[in-house]
Amino acid sequence: MTSDNHIPDHKNIDYRGFAFVIHNVHGMLLLHCTRKKKKGPHHQLPGGHIDHFEFDYAIEQCGANPAPNKILMEAAKMGTARELFEETGMDVRGQLERLDPIPLHGKHHGLVQNMLDNKLYFVLNVTDEDFLTEQEGLKHSDDDNGKHLALRISHEHSGFIFVNDPLQSVDKIVKHSGGTGAKALRMSMKVNGKGNDNGNDLRKAQVNVRDSNELKRSVNPYTPSNEKGYAHTVDLLPPTRRRQGLFWCFRKC
């Protein structure tokens, strides 16, 4: 039985998960929102509320006395992947290991390293292969940057763009979620030593390369069979992606 000390108070705290989705050529993916009249048209990060069933499943999978914050981290990955799928059609629900927690605090900070105001942030590196083809109702990028790429945009949004400068991304998402996403992006620049005024250091970020030829066969332990539509197994995943930092692609933009 899992100790209550390790279970997040998800019934009273509104935890949310968001993804910095970084295309290896075009930059950061942002969703265009036009339905909130008070804020006016603005851009958002993919993500949203972490559901109770995701916490319940994480508790079940983590077993007795899990490491502190493990339940919260696993539930947040599930919630972020589900929201990304619902909002864009991009599906990494069976590849949760691709969601990398992005450090927002110093090494000795006591909180979850990728959490700010009960919102957890992950970086997801993507390529053209992660986008959708040959489906009805797909939308292409709102501008010429990545125009050939398409997603199934939910009713909550009107379209999407790519931004190849992280400082421009900060400006574009400042109206989203009370500005927390913009603050988190700036914090991640500072923690990673990339936070100067003109962004030049961001373009010098080093690439942390993993073996891109490895094929992985696995069963994802975080795939509940319920109405949310998680797959039961991932028989053969695509070749393992390069695991890179949040700012690696901006160095060449």
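The values are calculated or read from the model by the stated rules, or taken from the named source; none is laboratory data. As the structure is a computational prediction, the values presented were derived from the model and not from experiment. When we count neighbours, we look across all protein chains shown, and the Cβ atoms used for this are built from the backbone with ideal geometry, even at glycine. Please note that ligands, DNA and RNA were not included when accessible areas were found on the heavy atoms of the full protein model with its side chains. Shrake-Rupley method; radii C 1.70, N 1.55, O 1.52, S 1.80 Å.
The table below lists the values:
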| item | result |
| --- | --- |
| Scope segment 39-80; condition open to solvent by less than 10 Å² (accessible area, probe 1.4 Å), assigned to a loop (DSSP other than H, G, I, E, B) and of a type in the set (A, V, I, L, M, F, W, C); matching residues | L45 |
| Selected residue (criterion: nearest to the chain's Cα centre (by Cα)) from residues of segment 81-101 that are closer than 18 Å to F55 by Cβ and outside any helix (DSSP H, G or I) | L99 |
| Residues (of a type outside the set (F, W, Y), touching a Lys or Arg at 6+ places or on another chain (Cβ under 7 Å) and closer than 20 Å to D130 by Cα) located in segment 53-99 | A81, R82, T88, G89, V92, R93, L96, R98, L99 |
